[in-house]
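Novice: Take this structure first; my questions come after.
The values are calculated or read from the model by the stated rules, or taken from the named source; none is laboratory data. Since the structure is predicted, the reported quantities are computational estimates derived from the model, not experimental observations. Glycine also receives a Cβ, built like all others from the backbone with ideal geometry; neighbour counts cover every protein chain displayed. For accessibility, only protein heavy atoms count, side chains too; no ligands or nucleic acids. Shrake-Rupley method; radii C 1.70, N 1.55, O 1.52, S 1.80 Å.
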Amino acid sequence: MPGMWWLVATLAVVSVLAAYLAWTAHRVERVHVRAQSAARALDAHLLRRAAAAAVVAERTDFVELYAAARLALDALPDEREAAENDLTRQLQDASLTASDPAATALVGTSRRVALARQVHTDHVRDALTARGRPVVRLLGLARQYERPRYFDIVDPTLPDPVPVAPRPADPVETAPARIPAV
């Protein structure tokens, strides 16, 4: 009978260890899938921003802005960060007016890019942390996933467009207020 307890204890330890390893492998998979999804979302937002910048550049005849937008749209993966940084600098130098709906859309798109970049950075950090755990490195649980990379660009948020000064309104005569009798 004492040999039976050793067998039960060994099976319990092995099953707990197997459950931990399965959970760890699933966690590594989840964080890598999230990092890949965040990278695709960031790429989509960057493409939308470049397209919106090209529209604004066409309407306002900013040749440098249009060239930077086209370079960002056509950049190869290795050149993408530099092209996006150049586009961000061109956007920050351009003066956008609030009366132009394309400029307002461009500012909104830039804010979404900033948010997508933050989410991407968080997921890449989580994936790299999971890859760095000793159990994951020892057993090679992250071998099948490409190592995620940070996307380093200048903060893409733009200031609100400058409002166009409204025309002065005509003075309106107001009737004197009546005080109720007591």
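Novice: Just to be sure I understand, how many residues within the stretch 1-32 are farther than 30 Å from residue 125 by Cα and open to solvent by less than 80 Å² (accessible area, probe 1.4 Å)? Spell out how you get there, then give the answer.
Specialist: Pass one, the stretch 1-32, residues farther than 30 Å from residue 125 by Cα: 1-15.
Add one more test, that the residue is open to solvent by less than 80 Å² (accessible area, probe 1.4 Å), and what stays is 3, 8-10, 12, 15.
Qualifying residue count, the stretch 1-32: 6.
Novice: Go through 114, 57 for me and flag whichever is under 30 Å from residue 28 (Cα atoms) and either at pLDDT below 95 or not in a helix (DSSP H, G or I) (or both).
Specialist: Result: 114 is the single residue among 114, 57 that is under 30 Å from residue 28 (Cα atoms) and either at pLDDT below 95 or not in a helix (DSSP H, G or I) (or both).
Novice: Cβ-Cβ under 8 Å, sequence separation 6+ or interchain: first residue in the stretch 38-50 and under 16 Å from residue 157 (Cα atoms), partner open to solvent by 40 Å² or more (accessible area, probe 1.4 Å) and not charged (D, E, K, R). Which pairs?
Specialist: Listed by first residue and then by second, the contacts come to 42/119; 47/73; 50/73.
Novice: In the stretch 52-69, which residues are without any contact (Cβ under 8 Å) to a residue 40 or more places away in the chain and surrounded by 17 or more Cβ atoms within 10 Å (Cβ to Cβ)?
Specialist: Those that are without any contact (Cβ under 8 Å) to a residue 40 or more places away in the chain and surrounded by 17 or more Cβ atoms within 10 Å (Cβ to Cβ): 54, 57, 62, 65, 66, 68, 69.
Novice: Just a yes or no: is a residue in the stretch 9-27 assigned to a helix (DSSP H, G or I), of a type in the set (Gly, Ala, Ser) and in contact (Cβ under 8 Å) with a residue 24 or more places away in the chain?
Specialist: yes
Novice: Follow-up question, since we're still on this one. Under 9 Å by Cβ, and 6 or more places apart or on different chains, what pairs join a residue from the stretch 89-103 that is at positive phi with one that is loosely packed, with under 13 Cβ neighbours inside 10 Å and of a type in the set (A, V, I, L, M)?
Specialist: So the pair list comes out empty.
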